[in-house]
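Input: a single structure, listed below in structure tokens.
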Amino acid sequence: MILLLPLLLAFHILILSQITFTAWPEMLSYPYLLAHGFTLYKDYVMPYPPGLVWLLSGIFQSFGFNVEILKYLTWTLILTEDLFLYLISRKLTNENRRVGFIFLGIFIFLQSFLDGNMLWFDLATSLPLLIAFYFGMKWLENFNQKNLFLIGLFLGLAVLIKQTAIIYLLAFGLIYLKYRGIAKIRELAVFVAGVFVLWVSLYAYLLSAGLLSSFTNWVLIYPLTQWSKFPGYVNFALSKKQLLVLGLILLPALGGLLQLKKIKRDKVFLFSGIFTVAALISVYPRFSFFHLQPAIPFITILILKTFNGFPKGWQRRYAVLLGVVVISVIVLLGKGNFINQIRFYATSDQNLAREINASTKDNRRVFLLGLNSSEYVFAGKLPPVNWSDNFGWYLEIPEVQDWVIQGLKITPPEKVFWRVPNSGNWYDLGTYQPQKIIDFIRQNYILTGKIEGGVEIWTKRNSK
């Protein structure tokens, strides 16, 4: 029994190693630019709080900018999440290791096949949210203020990674009011102190670096007021398969409603239920299973609490239902996923990086239009200062294209590598073209060649 936990962790790694790993370009390009002298929010568009990018930049500078390091870091975060979920499950089952292992196994399957083999801002918030939940459980036992501070600290860390994690602060506020009420409202100062330990330091940094306005615009104002105006940015049109899978993973958790009287008295069930709802809300603005990663541990906890509440006869039936759910998710999502490859780092991506490098003189800047931003990292090149990824919701904000063009003038790239756009709606990814930037390129660069994947090479006029 003692060896079962490391065996389960090894099994999780085995599953992850056999399915596609997604190396999102931003997970490489954002820390790469930071490490090469670009200033967050001022020199390039980065629409998230800086926590994850700071972490990645430090790790990559220590171990090298490559996809393998990204993968190992991702797996480390996931395994740490496994450990905390196991600790929580043991606590909820009165140290029943067998049940704890079973539900950790359920989590391992769901986490892996629901787009879990990647690092994105949502997955990075999962661990601090789960740690905050762990201390929240302890706080609900005796309302110890030390635990209250730690809840605030880890929820504040989650918000430092992705701004939508603010919803969990509000969710915990509901839990606090439910069990402590207005009479104990002063205790919330301890929670708030935990939240602001990190954020006061961030505020001081932004203020001293003159970045507060840029940070506020890109992290808060533009996402709330501008991006939803761009066609296709908000998208909750779920496919039939997505609806079926979502229904399957929520169905066992909803089984807890059959124990309504127990639920009303169960603090942890309510806590995990509210955090699950918060996770579902924070999927905004587009539904994808990788955005749902923070919900999976809380759904697993709901399932565990539901299982514990049933008598033994019902537990067997419920266990059968869980088995059907897990197998169905694997069948529905496993097809085409059991490919031991790296998305965004295929042979074509590596060949393209080599051709970009070979087509450009050493230490010369390049500008990639319509290409993955990770190609800067793979090719060992830098873009002009004032850089934005080629997303319409960034570039269609008034004056942003002018800001990019100003960078093209001040730190002009030797060459522009421009992928011929796909056919489709003007606003679709792979189709969108920033018109002002295109006009500037046509006026100041000439077409001189073509490389792999329909990528055109435009060379600066009078370039030597």
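Can you classify the stretch 1-157 as rounded, prolate or oblate using the Cα gyration tensor, where a ≥ b ≥ c are the square roots of its eigenvalues, rounded means a/c under 1.5, and otherwise it's prolate if a/b beats b/c and oblate if not?
oblate
Each residue of the stretch 23-31 in order: what ³J(HN,Hα) in whole Hz does its phi give by Karplus 6.51 cos²θ - 1.76 cosθ + 1.60, θ = phi - 60°, with x for Gly and Pro?
9, 3, x, 5, 5, 9, 6, 4, x
Select from the stretch 373-407 those GluC sites (Glu not before Pro) which occupy a DSSP coil region and have at most 10 other Cβ atoms within 10 Å, ordered by residue number.
Hits after loop and neighbour filter: GLU399.
Taking the Cα centre of the stretch 119-223 as origin and charging only Cβ (+1 Lys, Arg; -1 Asp, Glu), how large is the dipole, in debye to the nearest 20?
Details: 7 positive and 3 negative charges, 58 e Å.
Dipole magnitude for the stretch 119-223 comes out near 280 debye.
At 1.4 Å probe size, with every protein chain present, just tell me what the per residue accessible area of the stretch 85-156 comes to in Å².
Each residue of the stretch 85-156 exposes 30 Å² on average to a 1.4 Å probe.
Give me a comma-separated list of calculated 3J(HN,Hα) values for the stretch 146-158, in order, Karplus coefficients 6.51, -1.76, 1.60 applied at θ = phi - 60°, integers in Hz, x for any Gly or Pro.
Whole-Hz 3J(HN,Hα) from phi for the stretch 146-158: 4, 5, 4, 5, 5, 4, x, 4, 6, 5, x, 5, 4.
Multiplying the sequence separation of VAL331 and ARG180 by 0.36 nm and subtracting their Cα-Cα distance, what value in nm do you get?
49.9 nm
How big is the accessible area of HIS291 in square angstrom, nearest 10, if you roll a 1.4 angstrom probe over the protein chains?
Here the residue's solvent-accessible area equals roughly 20 Å².
Measure off, as a whole percent, the carbon and sulfur share of the 1.4 Å-probe accessible area of the stretch 171-314, all protein chains present.
68 percent
Report, in listed order, any pair from LYS229/LYS305; LYS42/LYS361; LYS71/LYS262; LYS162/LYS415 with a Cα-Cα distance greater than 30 Å.
Violating the 30 Å Cα-Cα cut-off are LYS229/LYS305; LYS71/LYS262; LYS162/LYS415.
For the stretch 391-448, what does the alpha-carbon gyration tensor say about shape, rounded, prolate or oblate, given a ≥ b ≥ c as the root eigenvalues, a/c under 1.5 as rounded, and a/b over b/c as prolate?
Oblate, since a/c reaches 1.5 and b/c is not below a/b.
Leaving out ligands and nucleic acids, note down the accessible area per residue over the stretch 268-375 with a 1.4 angstrom probe, in whole Å².
On the way: 4760 Å² over 108 residues.
Result: 44 Å² of accessible area for each residue.
Let me know the charge dipole size of the chain about its Cα centre in debye, to the nearest 20, where only the beta-carbon of Lys, Arg (+1) and Asp, Glu (-1) is charged.
Details: 42 positive and 24 negative charges, 273 e Å.
It comes to approximately 1320 debye.
Any idea of LYS42's accessible area? Nearest 10 Å², probe 1.4 Å.
120 Å²
Once phi is turned into θ = phi - 60°, what whole-Hz ³J(HN,Hα) does the Karplus curve with 6.51, -1.76 and 1.60 give for every residue of the stretch 65-75, x standing for Gly and Pro?
Going residue by residue, I get 7, 8, 5, 4, 4, 4, 5, 5, 5, 4, 5 Hz, with x marking Gly and Pro.
Which is the longest part of the chain that has none of the chymotrypsin sites (Phe, Trp or Tyr not before Pro) sitting in a DSSP loop with at most 12 other Cβ atoms within 10 Å? Intermediate results must be reported in sequence, preceding the final value.
Values: sites that count: PHE236, PHE338, TRP426.
That gives 1-235 as the longest site-free run.
Near the amide H of LEU368, under 5 Å away, which other amide H atoms are found, from residues 5 or more places off or on another chain, if H is placed in the peptide plane?
PHE417
Can you give the local net charge around ASN147? Use residues other than it whose beta-carbon is closer than 15 angstrom to its beta-carbon, Lys and Arg +1, Asp and Glu -1.
+4
Lys and Arg at +1, Asp and Glu at -1: add these up for the other residues within a Cβ distance under 9 Å of ALA379 and post the number.
It works out to a net charge of 0.
Between LEU7 and GLN145, what is 0.36 nm times their sequence separation minus the Cα-Cα distance? Round to one decimal in nm.
Full-extension gain reported as 46.0 nm.
The values are calculated or read from the model by the stated rules, or taken from the named source; none is laboratory data. Bear in mind that the values here come from a model prediction, so they are computed numbers and not experimental data. Positions of Cβ are generated from backbone atoms using ideal geometry, with glycine treated the same way; all protein chains shown enter the neighbour counts. Heavy atoms of the whole protein, side chains included, go into the accessibility calculation; ligands, DNA and RNA do not. Shrake-Rupley method; radii C 1.70, N 1.55, O 1.52, S 1.80 Å.
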